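Only the coordinates and a few stated rules stand behind these numbers; no lab work does. Keep in mind it's a predicted model, so treat the numbers as computed, not measured. Neighbour counts run over all protein chains shown; Cβ positions are idealised from the backbone, glycine included.
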Amino acid sequence: MYLPDAFAQRDREAAAELIRRVGIAELVSSDGRAISASTIPMLLDESAGPHGALLGHVARANSQWSSFSPEIEALAIFRGPDAYVSPSWYATKAEHGRVVPTWDYATVHVRGRLVVHDDEAWKRTLVTRLTQFHEAKRLQPWSVDDAPVEYVDAQLRAIVGLELVITKLEAKWKLSQNQPVRNREGVVAGLEQGGTPRQLEVAEMVRATADQAGANGLG
């Protein structure tokens with residue numbers, strides 16, 4: 001990952017929270033000749049190993065689980081909120097005009113060793129944990145036990161579990177930190193005026209980053 005110092009998010013808990021909030025990743029692996037990628041829900045298990053692990057599953061028909069090289073690191077990409085930033089929002093546009101468009105975003109890249117799990121007990125535990133995590137805030141949460149046993153058994157036979165044993169985690173919060181305060185304020189105002197859920201989420205992150213910079217005497 002290209003990670004300029006100004007955009008490096010070094011707070012592991014902030015990165016972990018984005019992983020939990022996003023919930024789904026682009027899992028990229030290689031067999032040494034070709035690259036495979038799948039979009040799959042992944043659960044962060046911070047108790048697994050020294051750096052934690054990401055747990056997920058793919059369809060048995062998806063060849064990615066059987067075509068990767070265990071010697072080559074795999075990569076899981078969690079994309080947080082993102083939004084276009086117009087140069088017209090910058091106060092410095094009126095001052096000197098030396099401004100260009102950009103994009104603000106947050107992302108987490110997780111590298112590690114990919115391990116296949118094809119035993120029924122492991123897969124059942126995984127889908128139960130995934131379900132409980134994503135259903136937890138619902139008024140009437142669905143449970144794996146709500147489905148007929150034979151149906152669940154058939155579904156488990158149709159998937160293969162994957163564990164990404166984490167070796168490196170990098171988080172990038174590109175949120176206008178390289179702009180002066182008056183420009184960051186303009187970005188927040190512009191995003192809030194746009195008013196889409198994604199723009200509002202990015203605006204809140206830009207504001208929080210600016211507040212943190214101010215508290216540290218920066219910007």
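Step by step: first the residues of the stretch 32-52, then only those that are among the hydrophobic types (A, V, I, L, M, F, W, C) and farther than 19 Å from residue 62 by Cβ, then the one that is surrounded by the most Cβ atoms within 10 Å (Cβ to Cβ). Which residue is that? Don't jump to the end; show me each part of the working.
Taking the stretch 32-52 first, the residues among the hydrophobic types (A, V, I, L, M, F, W, C) are 34-35, 37, 40, 42-44, 48.
After this cut, where a residue has to be farther than 19 Å from residue 62 by Cβ as well, the list is 44, 48.
Values: 44: 25, 48: 15.
Here the residue is 44.
Does the stretch 59-82 contain any residue that is basic (Lys, Arg), farther than 30 Å from residue 196 by Cα and surrounded by 16 or more Cβ atoms within 10 Å (Cβ to Cβ)?
No, the stretch 59-82 contains no residue that is basic (Lys, Arg), farther than 30 Å from residue 196 by Cα and surrounded by 16 or more Cβ atoms within 10 Å (Cβ to Cβ).
List every residue pair whose Cβ atoms lie under 9 Å apart, where the two residues are 6 or more positions apart in sequence or sit on different chains, the first residue falls within the stretch 70-84 and is over 10 Å from residue 29 (Cβ atoms), and the second residue, located anywhere, is buried (at least 22 other Cβ atoms within 10 Å of the Cβ) and of a type in the set (Asp, Glu).
As it stands, the answer is 81/104; 82/104; 83/104; 84/104, since those pairs meet every condition given.
May I ask you to list pairs of residues, at least six apart or on different chains, whose Cβ atoms are under 7 Å apart, with the first in the stretch 49-65 being without any contact (Cβ under 8 Å) to a residue 60 or more places away in the chain and the second being crowded, with 20+ Cβ neighbours inside 10 Å and among the hydroxyl-bearing types (Ser, Thr, Tyr)?
From the stretch 49-65, the pairs are 64/29.
Going by what's in this entry, would residue 26 be described as of a type in the set (D, E, K, R), free of Cβ contacts under 8 Å to residues at least 60 places away in the same chain, under 12 Å from residue 78 (Cβ atoms) and assigned to a helix (DSSP H, G or I)? Spell out how you get there, then give the answer.
On the way: of a type in the set (D, E, K, R): yes; free of Cβ contacts under 8 Å to residues at least 60 places away in the same chain: yes; under 12 Å from residue 78 (Cβ atoms): yes; assigned to a helix (DSSP H, G or I): no.
No, not satisfied.
Considering 157, 124, which residue is without any contact (Cβ under 8 Å) to a residue 60 or more places away in the chain and not hydroxyl-bearing (Ser, Thr, Tyr)?
On the way: 157 fails: without any contact (Cβ under 8 Å) to a residue 60 or more places away in the chain.
Result: 124 is the single residue among 157, 124 that is without any contact (Cβ under 8 Å) to a residue 60 or more places away in the chain and not hydroxyl-bearing (Ser, Thr, Tyr).
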